[in-house]
Amino acid sequence: MTITTTTMSIYSDILKKYWGYDSFRPLQEDIIRSVADLNRDTLGLLPTGGGKSIIFQVPALSKNGTCIVITPLIALMKDQVENLRRRNIKAVAVYSGMTQLEIQSAYDSCIYGDTKFLYMSPERLSTDMFIEKLKQMTVCILAIDEAHCISQWGYDFRPSYLKIATIREMLPNVPVLALTATATPEVADDIQDKLMFKEKNLFKKSFARKNLVYIVRKISDKNTYLLRILNSQPGSGIVYVRNRRRTKETAEFLQQSGISADFFHAGLTQEYKDYRQDLWKHDRLRIICSTNAFGMGIDKPDVRIVVHTDLPDSVEGYFQEAGRGGRDEKKAYAVLLYDEKDIAQLRRNFTMSFPEKEYIKRVYNALGSYYQIPIGGAKGRVFTFRLFDFANKYGFNQLQVLSALKILQRNGYIETTDEVFTPSKVKFTVGREDLYKFQVANAKFDYFIKILLRSHEGIFTNYTIVDEHKIAQSERCSVDVVYGYLNKLKQVNIIDYIPQKTSPYLIYCCERLEDKSLIIKPETYDLLKEKYEQRINAMIKYCLNDQVCRSKQLVSYFGETDGEDCGECDVCRSKRSKSLNSKDFDTAFDMIYKTLSPSPLRLEELTARLGLFDQDFIAEVVKKMIGEEIASVDKDSYITIINEI
């Protein structure tokens, strides 16, 4: 099929109208053509920052019907829904933890309204309500975000993604658009097989990020080196660490050193998360110190530096996190700091990630006792899950519980969600006429009802977010007064009011089994263990390999055999410095000597003053000067000339 200029202008017009962009990024347009004009099942493999959401949002807006978007990331799902609504595009989300009334309202808005996007978490796909409602929907595109989750060989396999195949059978003429940022060739093939592509159809953008400079340093005093990096490289940044405790410790160290920094992890309240995220996004906070909970779905283009002070457990995870730097395509740095203890810790984590099968069964049985579920019960039920309380009650190690839950999830017994913040929501359960009668008969509620009507558009047809504190502030009353009105209106069936909450959820995918019926399949334990060990070894190899360009190593991992040396990473710089001839060395030696003679300087300051040679080469020359007792380095890293030549 030939794509005419007129046809493509429809997509360009949509892009301009809703997003304000004049043109598409590379491959976006090609993928849109494939799924929208040729109606072909399509897999888009685009590294982090490649603009994946626009690829399904633009063609969906050109078609009749609803685009169903399946994603496991609830926080990202909610962000995208809000972003679309701000652009006056109707979108809803359905995920575990919502009430039945909320879920039904969301589905009905797709069937009877003109809601364009229905975001769904994968565990909702097999529910009876969704199956029945789907039969009544007009669906234009089935979009699968984080598509690597459908492959058991992927680093984040989720069995609930396999249910997409059943949905496909119900939508035989609807094209599938699968998108992911990280997939090896093996995983890319598996994605297309599991999603029942009619024919293989892969669009792949190179994993090479030419503006991103990868640096790996083996170093024990990470804080000192981190400070040196941040002082020498201006701009916004992210520092990734292993656990929640270290996020706070690292942020406090940077604050004490005069750098604007704060910490972020999944255990913070949503208010704190939003506040710190907003400060950072608007450059009122320079550095965020975080676990891997930070960054997903946050589109800040001008991040100049991403530092990992602990080893990630996979190249996929590292590539995705490092890729949050330099999305504006200007130069940025991805720095990985490690030492021998990090490698040992990674191997210990591997052991913890695969507890004995009997331990996994103990965790499963303890869950049944915790929720008081009889054998044969609980299929499809959703429970709030508090890890600390559960582990403490039954004497389990929290990390091993999480590992056991992941293996139970891979076997299809349960599903877990990330910690979810759900803001308060309100919807009127009566029509306008009955509401007016109620206001006339109950004057004390009239003013408060008018507040809800005035500031919450669409409150009769959809659940609308309500901020109790904001209402209290604007009306100069206590928040308890607001809570009181909302709860009383709910009691008399005028509104449905769902207070805010923050919690992860655990879903039983099938009925609770007795011990002898619980089978841990080899492919979800033994083969998975083997694959996980391979990923850890690949991460360690990346650190230790100082002979091959860092960028070349990364793109090779993802199947690109024709990668080129970047010329900028620590490996390329080292090679270049070694290849300099004696004349270059003598020139640099003289320049360094003259520059340091008036006053001592640190290496970064010296590099900045000279400008002609890179830091690695200058460091080699300084090392020679120290060896010949011409210069010395003090405890504060200042280089001083100590003998004349």
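The values are calculated or read from the model by the stated rules, or taken from the named source; none is laboratory data. Only a predicted model underlies this, so the values are computations on that prediction, with no experimental measurement involved. Every residue, glycine as well, gets a Cβ built from its backbone with ideal geometry; the counts of neighbours run over all protein chains shown. For the accessible areas, the whole protein counts, side chains as well, though only heavy atoms, and no ligand, DNA or RNA atoms are used. Shrake-Rupley method; radii C 1.70, N 1.55, O 1.52, S 1.80 Å.
State whether the chain is rounded, prolate or oblate according to the following rule on the C-alpha gyration tensor (a ≥ b ≥ c being the square roots of its eigenvalues): a/c under 1.5 gives rounded; otherwise a/b larger than b/c gives prolate, and the remaining case gives oblate. Since a/c reaches 1.5 and a/b is larger than b/c, the shape of the chain is classed as prolate.
Per residue, the chain exposes 47 Å² of accessible surface when a 1.4 Å probe is rolled over the protein heavy atoms with every protein chain present.
Residues VAL466, VAL382 ordered from highest to lowest accessible area at a 1.4 Å probe: VAL382, VAL466. Where only DSSP H runs of four or more residues are counted, the chain gives -13500 deg cm²/dmol as its mean residue ellipticity at 222 nm, each run worth -39500 (n - 2.57). Between the residues HIS282, ASN173, ILE373, the greatest Cα displacement towards the positive end of the dipole of the chain, with unit charges on the Cβ of Lys, Arg, Asp and Glu, is found for ILE373. For segment 551-565, putting each phi into the Karplus relation 6.51 cos²θ - 1.76 cosθ + 1.60 with θ = phi - 60° gives couplings of 4, 5, 4, 5, 5, 5, 4, 8, x, 8, 8, 10, x, 10, 4 Hz, in residue order, rounded to whole numbers and with x for Gly and Pro. Farthest towards the positive end of the charge dipole of the chain, among the residues ILE495, LEU408, ILE89, is the Cα of ILE495, using unit charges on the Cβ of Lys, Arg, Asp and Glu.
Note on segment 181-302: the C-alpha convex hull projects to 10.4 nm² when averaged across all orientations.
Note on TRP153: accessible area approximately 60 square angstrom, rounded to 10, probe 1.4 Å, nucleic acids and ligands left out. Our coupling estimate for segment 181-189, obtained by passing each phi through the Karplus curve with A = 6.51, B = -1.76, C = 1.60 and θ = phi - 60°, is 9, 9, 7, 6, x, 4, 5, 4, 5 Hz, Gly and Pro reported as x. All Cα-Cα distances of segment 419-505, cut into 5 Å bins from zero to the largest, leave 3, 14, 25, 27, 17, 9, 3, 2, 0 percent in each bin in turn. Past the 24 Å Cα-Cα mark, which pairs from LYS90/LYS490; LYS222/LYS273; LYS450/LYS488; LYS331/LYS552? Beyond 24 Å between Cα atoms: LYS90/LYS490; LYS222/LYS273. Helix 270-281 and the long axis of the chain differ in direction by around 40°, with both axes built from C-alpha atoms. P(r) tail, segment 163-226: Cα-Cα pairs separated by more than 15 Å, 66% of all pairs.
Placing unit charges on each Cβ (+1 for Lys and Arg, -1 for Asp and Glu) gives the chain a dipole about its Cα centre, and among GLY484, PHE117, ILE305 the Cα reaching farthest toward its positive end belongs to GLY484. By the compact-protein rule of thumb, 2.2 N^0.38 Å, the alpha-carbon radius of gyration of segment 545-645 corresponds to a ratio of 1.28. Treating each Cα of segment 50-151 as one equal point scatterer and applying the Debye formula with no solvent, the log10 of I(q)/I(0) at q = 0.19 Å⁻¹ comes out as -0.93.
Helix 244-256 and the long axis of the chain differ in direction by around 50°, with both axes built from C-alpha atoms. Throw me the Rg/Rh for segment 245-381, computed over C-alpha atoms with Kirkwood Rh, two decimals. Using Cα coordinates only, the ratio equals 1.08.
Nonpolar atom fraction for the chain, defined as the carbon and sulfur part of the 1.4 Å probe accessible area, stands at 48 percent. Ordered by solvent-accessible area of protein heavy atoms (1.4 Å probe), largest first, the residues LYS623, LYS222 come out as LYS623, LYS222.
Taking the longest Cα principal axis of the chain as reference, the axis of helix 357-370 is set at about 40 degrees.
A simple charge model with +1 on the Cβ of Lys and Arg, -1 on the Cβ of Asp and Glu and nothing else charged puts the dipole of the chain at about 1200 debye relative to its Cα centre. Basic side chains Lys and Arg get +1 at the Cβ, acidic Asp and Glu get -1 at the Cβ, and with that the dipole of segment 477-556 about its Cα centre reaches some 280 debye.
Label-to-label distance for ILE645 and CYS510 is 7.4 nm, based on points extended 7 Å past Cα in the beta-carbon direction.
When DSSP beta bridges are restricted to pairs lying wholly in the chain, around 30% turn out antiparallel. THR184 contributes an accessible area of around 20 Å² to the protein surface, as traced by a 1.4 Å probe with all chains present. Computed about its Cα centre, the charge dipole of segment 5-103 is approximately 200 debye, with only Lys, Arg, Asp and Glu carrying charge at their Cβ.
Dividing the mean sequence gap of close Cα pairs (under 8 Å, 6+ apart) by how many residues the chain holds gives a relative contact order of 12 percent. Loop-resident GluC sites (Glu not before Pro) (DSSP state other than H, G, I, E or B) in segment 599-645 with no more than 11 further Cβ atoms inside 10 Å of their Cβ: GLU628, GLU629, GLU644. Proximity of backbone amide H atoms, modeled 1.01 Å from N, is registered between ARG381 and TYR508 at under 5 Å, excluding neighbours fewer than 5 places apart on the same chain.
Across the protein chains, with a 1.4 Å probe defining accessible surface, the residues LYS273, LYS379, LYS204 rank LYS379, LYS204, LYS273 from largest area downward.
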